[in-house]
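To start, the structure under review is shown below, and the notes come after it.
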Amino acid sequence: PSYDKSEESFRMAVKLYEELGYDAAHPSIVWARHNLVLVGQARVPPPPPPPPMKPSSLSPAAAAPTTSLAEDVTNGDDSDSAELDRALETDDDGDDDDSHDDIFANSTDELDRILSEDSGAILSKENVATRDADGKVSLEGEAIFADEAVPIQSNPEHGEGNMRTGFDSPVFLDEVNFDDEVASNHEYMADQGQVESHHNQDDDLDERVSQLQLQTTGSNESDIEAAHAHVALAEHFWGKGDRVAATEHYTEAHMMYQSQLGDNSEYVAMVLKRLGDLNLEDGTLDAAKELYGAALEMELTVHGQYLPQTLNAAGAACLKNDDFRSAMEFHRRALQIQKKSPQEAGKQSSKYEMYETLVRIGNVYYSERNNFAHIQSNGVDYGEFIQSGFLGWIANAHDMRGEYIKAIHFYEESLQISMSQKGKKAKRETALTLNRLGSLTRELGRYDEAMDYHQKALNIQKSGSPKAMTAETCVLMGMVKCKIGEFKSALNLYEDSLLVLKNALGEDHSSSWKTMAQIGSLHFELSNYEQSMTILLEAERWQLSSVGEEDRDTLETQALIGRVLSATGQYEMALVKLRDVCEKQRKLFGSKHPTISDTLKYIGECFLDQEGMATEARLQFVECYNMRKQFFASDQIHIAESMVDIIRARSGQPERALAIYRNAMLVYKEYLSDDHVLIGRLLVFEGDSHAEDHEFSTAIDRYEEAKGVFSKAFGGECAVDFALVAVNIGKVLLRKCDYDSAKASFTSALDIYQQILPEGHPKIRSALNHLDRVEQEEALCV
């Protein structure tokens, strides 16, 4: 077929997937658009098609990588870390021969550098894949995949599997998951008047599916559009759990593609790969390996190399069969290909695909290490693998994917290795790993543990480390202090550290502008919005000029800017900013990540601050909650916080709200001190529910408790939280007809708002309206 036809076909595939409701980050759309790029770049006609193969005999010869995967990651002295020297009480600048490493633990820079380099073998060369005299790929003379015919199988009784290989199964918008404590999807949407909209979505989806089914009805083997429709329907039924129907549609698509395009077609390879994914999830491993082998052979012919997604899928099949050597080889080959062309797709998300491959390599490593049958066997030699620092890189990959617990496991093992070694380099690596463990435990809300890790790192660095490195460690300690509510101490650490970092590394260094962003974030917490915005915009300027807009740190800074815009009443601008951040984060991290859940929370807060937008806020909070469940346990502070957000965006159920607030308070107090600002805010929410339930005395008590907490947290009364408490107290007093006290409370809130918010802010107007209402009701009462 011509390039014009190929391009038209790919565009049709994109259109079909979009009509099915897939978002732009869905793997199927990414795959189709990637092939559009390839068509535009290559413009080389495909080879003549061989005779068509019937769909009932999908048993192609097996395949596996033909070249060594021994060409792997370098020995990385460059590490990402973060420290400061003010707490050292020493003037020792350290060894001048030490090159500085940016050690902020959430940075991707180190892994990016490592993955862009080549070095010697990490695993033993005996594991290299070779071809025998018959051209079959093998490891040490054994065929990786059996070459006997294996029929396509699908178990209709098998539930949706957890494993995803290559492309993820489609996820539809109507599959939102709720815990019983939050509410069922239908109950929530009925309460919010959204059932009709939900049904309309179902009707639209049914209509699109019907249109696709019409395209496949009466089609012949040469109908490419019908084949596209079969693929789209297969994806749809797979997403709905109907694996039998998915297999049937993939098989029909395979027959049509093969008849029209021949065996060596990327469409045929794609369908074989997807059929392999189905069989892998159903546990029919022989069939999966057979299909992956055929797909790999076609990819090599069509693209000139294997596709990493298929290599990783084949590795997953081998791993489930306890074939650790072959699994490691497939994943190493996938990583090698990704390293050679990390930016081929023209976007940063490609490096996160490498993180996935590193994670898979880690899965093989731990699976074999924990497999009793292989402990004494001649499995993969991991000695050089461990010494090379691969464990740390895998841990970093888990970190970037939001899998913090798994990252901690790898870092802990890496820490034991570095602590067992001697020398300056080992000490530096130990401090680096301690800081990373501190950052991860901070993300999990384990703040005491996080501070302990950073303090241990700082103790190591006191003897001979450059001031910039110790300054970065102190910034990390400041981030923990900010989380536990010690704002003044955190600000002192940040500001002193920034001076050191600017002098040692320059204002344009990543450590400098990351510290600036933390200072801006802290001023936001203190309600210093104008100062916060100035600092955040400066940090953003440096970030955009150095790492660009599709960078994790840049996006986090921009999300903070969105929060400041929302807090200062610029809601439309805030929503534009936050939604843009969320979209870019999805491109970087995929559909789910803790950082994305944070941005969803910020969007929800922006809606909730606007009158009459509680329904929109709740939708964002629910999505945030469902996403956080993928990464955090039910007894962690992140889940409790999301539960609180959801119920406070839903008035009319004070008793239920109080039950959730009580449960959340138990979780908060396990992680936070009694005078933490989050506990103060939770007391305010409790007071609101008591007031809604006409328990005015109890409401006032809760508000007064909250004022005491805020006083300790902020060290003064010029924070937005104080104003909110004053407004709520005034409302209760007004309902009790205590007009003088209500007027005093509203006036106090107005004074605070006028100091920290721009003129004409909705909260200022609201406070003025409350004062007017006091005057009116008092006049009526007289």
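Can you tell me which residue within segment 440-473, out of those that are of a type in the set (Ser, Thr, Tyr) and open to solvent by 10 Å² or more (accessible area, probe 1.4 Å), is farthest from His398 (Cα to Cα)?
For segment 440-473, the residue satisfying everything is Ser463.
Keeping to segment 424-436, report how many residues are closer than 12 Å to Gly464 by Cα and either of a type in the set (A, V, I, L, M) or open to solvent by less than 60 Å² (accessible area, probe 1.4 Å) (or both).
Of the residues in segment 424-436, 1 are closer than 12 Å to Gly464 by Cα and either of a type in the set (A, V, I, L, M) or open to solvent by less than 60 Å² (accessible area, probe 1.4 Å) (or both).
Here's a check for you: in segment 274-320, which residue that is polar (S, T, N, Q) and under 25 Å from the mean Cα position of the chain (by Cα) is surrounded by the fewest Cβ atoms within 10 Å (Cβ to Cβ)?
As a first pass, look at segment 274-320 and keep what is polar (S, T, N, Q): 279, 284, 301, 305, 309-310, 312.
Checking which are under 25 Å from the mean Cα position of the chain (by Cα) leaves us with 309-310, 312.
Details: Gln309: 22, Thr310: 27, Asn312: 26.
Filtering segment 274-320 for residues that are polar (S, T, N, Q) and under 25 Å from the mean Cα position of the chain (by Cα), the one surrounded by the fewest Cβ atoms within 10 Å (Cβ to Cβ) comes out as Gln309.
Name, by its number, the condition in (1) surrounded by fewer than 22 Cβ atoms within 10 Å (Cβ to Cβ); (2) modelled with pLDDT under 95 that does not hold for Ser511.
So the condition that Ser511 fails would be (1).
Within the bounds of segment 640-648, is there any residue that is open to solvent by 60 Å² or more (accessible area, probe 1.4 Å) and closer than 26 Å to Glu616 by Cβ?
yes
Okay, residues lined up against (1) at pLDDT 95 or above; (2) part of a helix (DSSP H, G or I); (3) among the polar types (S, T, N, Q):
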residue	(1), (2), (3)
Leu544	no, yes, no
Asp553	no, yes, no
Leu560	yes, yes, no
Ser566	yes, yes, yes
Met573	yes, yes, no
Leu578	yes, yes, no
Cys582	yes, yes, no
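Considering only residues that are open to solvent by less than 20 Å² (accessible area, probe 1.4 Å) and either small (Gly, Ala, Ser) or not in a helix (DSSP H, G or I) (or both), which ones fall in segment 245-272?
Hits for segment 245-272 are Ala245, Ala246, Ala253, Gly262, Ser265, Ala269.
Here is a list: Glu353, Glu329. Which entry is part of a helix (DSSP H, G or I) and at pLDDT 85 or above?
Only one candidate passes the filter, namely Glu329.
Scanning for something open to solvent by 40 Å² or more (accessible area, probe 1.4 Å), at pLDDT 95 or above and in contact with a Gly (Cβ under 8 Å, 6 or more places away or on another chain), does segment 516-530 turn up at least one residue?
Yes, there is a match, as at least one residue in segment 516-530 is open to solvent by 40 Å² or more (accessible area, probe 1.4 Å), at pLDDT 95 or above and in contact with a Gly (Cβ under 8 Å, 6 or more places away or on another chain).
Counting residues that are touching a Ser or Thr at 6+ places or on another chain (Cβ under 8 Å) and within 27 Å of His761 (Cβ to Cβ), which helices (runs of 4 or more DSSP H) fully inside segment 596-687 reach at least 3?
Of the helices (runs of 4 or more DSSP H) lying wholly inside segment 596-687, those with at least 3 residues that are touching a Ser or Thr at 6+ places or on another chain (Cβ under 8 Å) and within 27 Å of His761 (Cβ to Cβ) span 614-628.
Output the qualifying pairs, or none if there are none: Cβ atoms under 8 angstrom, residues six or more apart or on different chains, first residue in segment 298-321 and aromatic (Phe, Trp, Tyr), second residue buried (at least 24 other Cβ atoms within 10 Å of the Cβ) and not in a helix (DSSP H, G or I).
Sorted first by the residue in segment 298-321, then by its partner, the pairs are Tyr306/Pro65.
Take the residues of segment 566-606 that are in contact with a helix residue (DSSP H, G or I) (Cβ under 7 Å, 6 or more places away or on another chain) and free of Cβ contacts under 8 Å to residues at least 24 places away in the same chain: which is surrounded by the most Cβ atoms within 10 Å (Cβ to Cβ)?
My answer is Lys577.
Filter segment 672-691 down to the residues that are open to solvent by 50 Å² or more (accessible area, probe 1.4 Å) and either of a type in the set (A, V, I, L, M) or under 29 Å from the mean Cα position of the chain (by Cα) (or both), then identify the one that is modelled with the lowest pLDDT.
Ser673
The values are calculated or read from the model by the stated rules, or taken from the named source; none is laboratory data. Computed from a predicted model, the values in this text were never measured in an experiment. So basically every Cβ, Gly included, is an ideal-geometry build from the backbone, and we count neighbours across all protein chains shown. Note: accessible area is taken over every heavy atom of the protein model, side chains too, but ligands, DNA and RNA are not part of it. Shrake-Rupley method; radii C 1.70, N 1.55, O 1.52, S 1.80 Å.
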